Amino acid sequence: MSFDYAIRAETAQDHAGVRETHARAFDDADRVPGLVDALRAAPAALAPISLVATVDDQVVGHVMLSACRLDAERRLVNVFSLSPMGSWSCGARSRQLLRFGHRSTCCLRFRGRR
């Protein structure tokens, strides 16, 4: 296996690999993988941003930013929250996933009600 990796948006075909990645990263086959599944399915004002790191087409890292609401002074504001992040082979990959996720959210424009 090479150590070159790619970061891209998660697809439905990645779900099993994401589950395995979190199971290995957190040494628990149910808790965090179940949380990821629940966040994917939950109705929310903002669709989750879900990114995977792959090596040789195998998912080895995952980060998800999911919608939550910030209770601001005058109104509730839709924002993203860093949700599960797991990587089982390289700390640098986790940092890169975080940077990529942050850039993705910074580039989005939200048209919300005021």
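The values are calculated or read from the model by the stated rules, or taken from the named source; none is laboratory data. Keep in mind it's a predicted model, so treat the numbers as computed, not measured. Note that we place each Cβ from the backbone using ideal geometry, even for glycine, and neighbour counts take in every protein chain shown.
Here are a few things to note about the model shown:
- Selection status of V36, at pLDDT 90 or above and under 22 Å from A6 (Cβ atoms): yes
- Residues in the stretch 52-75 that are in a loop (DSSP other than H, G, I, E, B) and not hydrophobic (A, V, I, L, M, F, W, C) were compared, and the one that is modelled with the lowest pLDDT is E73.
- Condition met for A25 (within 28 Å of R69 (Cβ to Cβ) and in contact (Cβ under 8 Å) with a residue 60 or more places away in the chain): yes
- H102 being modelled with pLDDT under 85 and of a type outside the set (A, V, I, L, M): yes
- Residues that are among the hydrophobic types (A, V, I, L, M, F, W, C) and in a loop (DSSP other than H, G, I, E, B) were ranked within the stretch 1-51; the one that is farthest from the chain's Cα centre (by Cα) is M1.
- Filtered residue count, the stretch 1-22, keeping only those that are of a type outside the set (D, E), crowded, with 16+ Cβ neighbours inside 10 Å and either closer than 16 Å to S83 by Cβ or touching a residue at least 60 places away in the same chain (Cβ under 8 Å) (or both): 7
- Test: L35 is surrounded by 15 or more Cβ atoms within 10 Å (Cβ to Cβ) and either on the phi > 0 side of the Ramachandran plot or touching a helix residue (DSSP H, G or I) at 6+ places or on another chain (Cβ under 9 Å) (or both): yes
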